[in-house]
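Accompanying notes for the structure given below.
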């Protein structure tokens with residue numbers, strides 16, 4: 001029919017409100033070759049007026065000792081391997097069943113020249129298929145069970161025994177050879193999707209399983225999923241449902257007769273699924289093969305007082321994760337009901353959660369939906385940046401302006417203009433994304449003293465301090481500035497990338513290592529909008545913004561802090577600089593972030609204020625020799641990055657002992673230096689190697705690497721930071737930069753990493 005679409009290799013795995021279904025389609029997983037950009041899988045969202053669920057049923061395992069040994073499998077799986085794939089699962093199979101389905105597998109074995117043995121837990125069942133098996137000469141043992149599978153890496157034999165009529169006593173245990181055990185414990189309707197739709201389930205005594213009850217949405221469950229296991233009944237049920245649905249949608253009451261069916265009649269299954277333990281044995285009997293939940297786990301849970309089936313599930317992980325109760329649920333429910341002397345409906349059943357079957361994370365999150373493919377955080381000033389031609393870059397989970405394009409400017413031209421304006425006038429940068437952590441408590445100073453390498457106990461109120469955190473192995477984890485707001489209140493700033501890690505670091509030590517410290521830490525990153533104002537005219541702009549405050553060098557000295565009022569808005573002012581220029585950071589509550597930004601732009605016009613992005617920010621910090629993520633890359637210690645002045649000799653801190661390791665105290669360790677090309681023209685690629693002799697045979701001995709590069713607007717030439725072996729003693733030396741990826745060899749000179757304002761006079765002016 002033209003209006004019918006059949007989706008092969010597709011699986012509906014979730015049923016949600018308003019008749020919405022989610023389906024995973026395997027687009028190219030099965031193809032040996034695919035076109036470029038051809039998706040492996042595709043996610044479908046389906047809104048339906050009416051839904052028919054025909055999800056079938058799953059064969060139920062039988063529970064016995066060592067039933068997780070390789071070679072134990074469902075009998076239906078063994079039959080499918082044989083009939084569909086032409087694969088023989090064993091040459092000496094044992095079929096263990098409590099119903100007629102196991103006989104179908106045994107007959108299939110026999111027809112293919114294999115002699116199986118059938119163990120049937122029933123006393124004397126009678127049916128056409130049993131007679132067929134007898135006539136084929138198949139060895140059948142009635143009232144027999146598998147007590148335990150034997151074998152190390154695979155099944156090589158089975159302990160079997162006769163079982164009493166009440167299924168509680170075992171006869172003499174004997175061992176028989178086999179190479180696989182095919183089990184059939186009857187069939188469980190696959191009601192997961194129906195249950196997800198809000199359908200209330202009911203217990204059907206004839207099949208000892210739950211089936212869908214009253215539908216909550218426009219949904220109908222058919223066939224085996226509805227507990228109907230014969231072909232005749234399934235066809236009748238399906239035709240009736242199809243006709244009712246057709247009448248409902250089209251008002252057409254045409255009825256079609258369903259075909260006559262000739263099928264073998266089955267006998268009643270045995271209401272038995274768990275083999276008791278023989279005396280003196282303690283075999284593991286698994287209920288949930290996905291989560292390794294054994295019978296003993298359920299027994300312990302009930303002894304511990306977990307009576308509710310949902311509590312049992314949480315205690316044992318029964319029916320969780322990839323299983324979702326498919327094979328384990330009813331055996332588990334039956335066991336609980338037997339122990340508690342309840343009927344199964346009184347026990348209830350666990351909740352079935354989507355996805356019904358496992359699907360790849362990539363299918364869900366890897367859809368081509370632009371910025372919606374992952375969560376993206378935006379600062380309160382984001383709309384202003386967009387309106388002013390900002391080009392954005394991903395910074396962690398944030399979007400930050402990389403540069404502000406004017407006309408046909410390139411990235412290089414725009415960032416050079418922005419950085420130069422900071423050096424000559426004043427620039428403003430959105431620093432909302434920096435991690436912010438509020439630290440409060442009488443032991444806050446002690447906490448900072450332990451996590452930072454420098455001293456913090458005597459930091460005055462209203463002052464900020466730059467600090468470095470180490471990992472336990474002595475490697476620099478993060479740097480940042482922390483300000484003392486009041487006696488027991490500190491405001492910590494971290495890098496954008498490490499914000500979450502630093503918070504976790506503090507929480508870990510407070511909870512597990514130093515629980516005696518009375519300190520609370522909480523992320524306030526999104527509570528404060530921040531703007532960095534930098535440049536020689538920044539103080540003049542600050543005076544316009546805060547006319548009632550003394551922001552002079554005396555009133556607000558370097559690393560000072562004050563609270564103020566920005567035209568009716570509460571504001572925090574920090575005098576800190578990462579640009580090598582006189583600079584400040586202003587924080588306001590996030591809701592007022594855009595107001596603050598627009599005021600800065602408005603009042604800064606007379607001082608030629610310009611916004612600058614991360615590219616210019618990087619240029620400014622490289623020029624002043626300030627280290628960042630590319631230098632603090634998980635390989636450097638404070639001494640490598642000229643931060644040794646921050647390492648206290650008098651106090652203890654995290655990572656201190658590791659700094660005394662032989663490798664860390666070596667005189668020729670790699671240290672941070674500056675690198676300038678001899679021609680003052682050639683840009684140096686980041687990641688390039690520094691070598692003594694450019695013509696030396698490969699592998700050419702590496703002396704260090706370029707960590708960050710920029711075009712210095714101060715000196716109008718390329719400048720780079722590098723981590724170089726014995727770096728401080730190499731200043732003045734001539735080396736070569738080699739970049740195989742760029743196919744470049746550049747003669748360079750090693751200089752100080754402090755390329756701009758080495759004495760720090762500008763930031764303190």
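The values are calculated or read from the model by the stated rules, or taken from the named source; none is laboratory data. Here the structure is a predicted model, which means the values were calculated and not measured. Cβ: placed from backbone, ideal geometry, glycine included. Neighbour counts: every protein chain shown.
One line per residue, one yes/no per condition, for (1) assigned to a loop (DSSP other than H, G, I, E, B); (2) crowded, with 17+ Cβ neighbours inside 10 Å; (3) out of contact with any helix residue (DSSP H, G or I) (no Cβ under 6 Å at 6 or more places or on another chain):
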| residue | (1), (2), (3) |
| --- | --- |
| 55 | yes, yes, no |
| 67 | yes, yes, yes |
| 77 | no, no, yes |
| 89 | yes, yes, no |
| 115 | yes, no, yes |
| 118 | no, yes, no |
| 148 | no, yes, yes |
| 155 | yes, yes, yes |
Practice prompt. Would you mind stating whether residue 305 is surrounded by fewer than 20 Cβ atoms within 10 Å (Cβ to Cβ), closer than 24 Å to residue 170 by Cα, out of contact with any strand residue (DSSP E or B) (no Cβ under 7 Å at 6 or more places or on another chain) and at pLDDT below 90?
Written response: no
Worksheet item: Taking the stated definitions as given, is residue 633 over 30 Å from residue 687 (Cβ atoms) and either under 31 Å from the mean Cα position of the chain (by Cα) or in a loop (DSSP other than H, G, I, E, B) (or both)?
Response: no
Worksheet item: In the stretch 26-36, is there at least one residue being surrounded by 14 or more Cβ atoms within 10 Å (Cβ to Cβ), touching a residue at least 24 places away in the same chain (Cβ under 8 Å) and not assigned by TED's automatic domain parsing to the domain that holds residue 226?
Response: no
Item to complete: Name the helices (runs of 4 or more DSSP H) wholly inside the stretch 316-366 in which the number of residues that are surrounded by 18 or more Cβ atoms within 10 Å (Cβ to Cβ) and out of contact with any helix residue (DSSP H, G or I) (no Cβ under 7 Å at 6 or more places or on another chain) is 3 or more.
Response: 329-340
Discussion item. Among the residues of the stretch 405-418, what is the count of those that are under 38 Å from the mean Cα position of the chain (by Cα) and crowded, with 21+ Cβ neighbours inside 10 Å?
Written reply: 3
Discussion item. I'm trying to understand the selection: among the residues of the stretch 477-516, which are within 18 Å of residue 458 (Cβ to Cβ), crowded, with 18+ Cβ neighbours inside 10 Å and free of Cβ contacts under 8 Å to residues at least 60 places away in the same chain?
Written reply: 482, 490, 492
Response to the item:
Residue pairs within 6 Å by beta carbon, gap of at least six or interchain, first lying in the stretch 543-566 and more than 20 Å from residue 763 (Cα to Cα), second loosely packed, with under 14 Cβ neighbours inside 10 Å and at pLDDT 95 or above, listed first then second, are none
Practice prompt. Say whether the condition of being surrounded by 16 or more Cβ atoms within 10 Å (Cβ to Cβ), in a helix (DSSP H, G or I), at pLDDT 90 or above and not assigned by TED's automatic domain parsing to the domain that holds residue 325 is met by at least one residue in the stretch 169-180.
Written response: no
Response to the item:
Expected single match for in contact with a helix residue (DSSP H, G or I) (Cβ under 6 Å, 6 or more places away or on another chain) and under 21 Å from residue 588 (Cα atoms) among 463, 436 is 436
Discussion item. Quick check on this structure: which one of 691, 609, 713, 675 is touching a residue at least 24 places away in the same chain (Cβ under 8 Å), farther than 30 Å from residue 537 by Cα, surrounded by 13 or more Cβ atoms within 10 Å (Cβ to Cβ) and more than 38 Å from the chain's Cα centre (by Cα)?
Written reply: 691
Response to the item:
Here the residues within the stretch 727-742 that are surrounded by fewer than 16 Cβ atoms within 10 Å (Cβ to Cβ) and farther than 13 Å from residue 687 by Cα are 728, 729, 731, 732, 734
